[in-house]
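K.L.:
One structure, as structure tokens, below. Some questions next.
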Amino acid sequence: MNPWDHPLIKKGMTAQLATRRARIAAGEKPLGWKVGLGAPATMQKLGLAAPIVGFLMQRALLLSGSTLSLKGWLRPVAEPEIAVRMASDLGAGATADAALAAVKEIFPAIELADLDSVPTPDNFDTVLAGDIFQRHVVLCGNTRFGGGTSGLTSRVIRRGTEAARSTNPEALTGKLPDIVAHVANTLAAFGEKLSAGDVIITGSITPRAWSTDRASRSWIEMNVTCSGVSGPTSLRIEYSSRPSRRSISMYGQPSSVVPASWTWTNAG
């Protein structure tokens, strides 16, 4: 059985894509797609054969200088991810090789999500229908040509201390070409298409980071460095936990939102 043939995935994807189509019909513009619940331990726990697929809209994109209210959020988290931008359309029957050939570039991203429920083997249709906790995304302007991750290292720095490091950014997500092919095949099964220009955020490459600091107010510097670009992208985040001002603010070039530093460098 294909992953998208699971009854709960069919139910959840049908509801989710109906919502997306309605939003587009109402005037919203699509940005791309996302995958979720793709870490090996999570898939095993939920009985999933592959990550589940959600969507991104342009209105979810946060730019430099944005201030985002977290009022009403239950459990906000920020996830460092690798984003993929498509160079060409990719349809049904996609293979990993075809997916790799269709990728234009990769770049760092941070997804901001609200984990307002706990995924279980019995409710991921509801998780899918709700677009897998998606709220916002920030995309780095610095890119790397193609879909290869060789030589990349990701680091998360919290309060000046390295909290996580990976020289294999695909360890928790799976291989990027496999993810892209899976997204294309899943969308095709439900009457949609992975198109040129679409962005896919491919899942957290480190353990989740809370998007809010428990201190009353804090700021953190963030630097993201990609190969083939001239210098780092810097960001400062300010968080206010007062009930009337529970928010985060982003400053610098569009890169990411997380209470930590995430550095993406080329080992070479």
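Coordinate-derived values only; no laboratory data. Keep in mind it's a predicted model, so treat the numbers as computed, not measured. Ideal geometry is used to build each Cβ from the backbone, glycine not excepted, and the neighbour counts take in all protein chains shown.
K.L.:
Rounded to whole Hz and in sequence order, give me ³J(HN,Hα) for the range 76-81 from the Karplus expression 6.51 cos²θ - 1.76 cosθ + 1.60, θ = phi - 60°, writing x for Gly and Pro.
P.N.:
x, 9, 10, 10, x, 9
K.L.:
If you don't mind, another one. With the convex hull built on the Cα atoms of the range 1-159, state its orientation-averaged projected area in nm².
P.N.:
On the way: hull surface 45.9 nm².
One quarter of the hull surface, i.e. the mean projection, equals 11.5 nm².
K.L.:
Something else about it: Give me the extension gain from D5 to A41: residue separation times 0.36 nm, minus the current Cα-Cα distance, reported in nm with one decimal.
P.N.:
10.8 nm
K.L.:
Enumerate the residues in the range 1-39 having an amide nitrogen under 19 Å from the point lying 7 Å beyond the Cα of V118 toward its Cβ.
P.N.:
37-39
K.L.:
Separate question: Could you tell me which of A98, C140, L46 has its Cα farthest along the dipole of the range 1-145 towards the positive end, charges placed at Cβ (Lys, Arg +1; Asp, Glu -1), taken about the Cα centre?
P.N.:
Selected residue: C140.
K.L.:
To the nearest 0.05, what FRET efficiency results for T167 and Q58 with a Förster distance of 30 Å applied to their C-beta separation?
P.N.:
With R0 = 30 Å, the Cβ-Cβ based efficiency is 0.35.
K.L.:
Here's a follow-up. Using each residue's phi in the range 27-38, evaluate 6.51 cos²θ - 1.76 cosθ + 1.60 at θ = phi - 60° and report the 3J(HN,Hα) Karplus result to the nearest Hz, with x for Gly and Pro.
P.N.:
x, 6, 10, x, 10, x, 9, 9, 10, x, 6, x
K.L.:
Of the peptides 167-176, 86-95, how do they stack up when ordered by the mean number of other Cβ atoms within 10 Å, highest first?
P.N.:
167-176, 86-95
K.L.:
In sequence order, what are the phi-derived ³J(HN,Hα) couplings for the range 171-185 according to the Karplus relation 6.51 cos²θ - 1.76 cosθ + 1.60 with θ = phi - 60°, rounded to whole Hz, with x for glycine and proline?
P.N.:
So the J values, rounded to whole Hz, are 4, 8, 9, x, 5, 4, x, 5, 5, 4, 4, 5, 4, 4, 5.
K.L.:
Largest first, please: the extent of the C-alpha atoms of the range 91-198 along each principal axis, to the nearest Å.
P.N.:
47, 36, 24 Å, listed from the longest principal axis down.
K.L.:
Of all DSSP beta bridges in the range 11-145, what percent run antiparallel (nearest 5)?
P.N.:
Antiparallel: roughly 95 percent of the beta bridges in the range 11-145.
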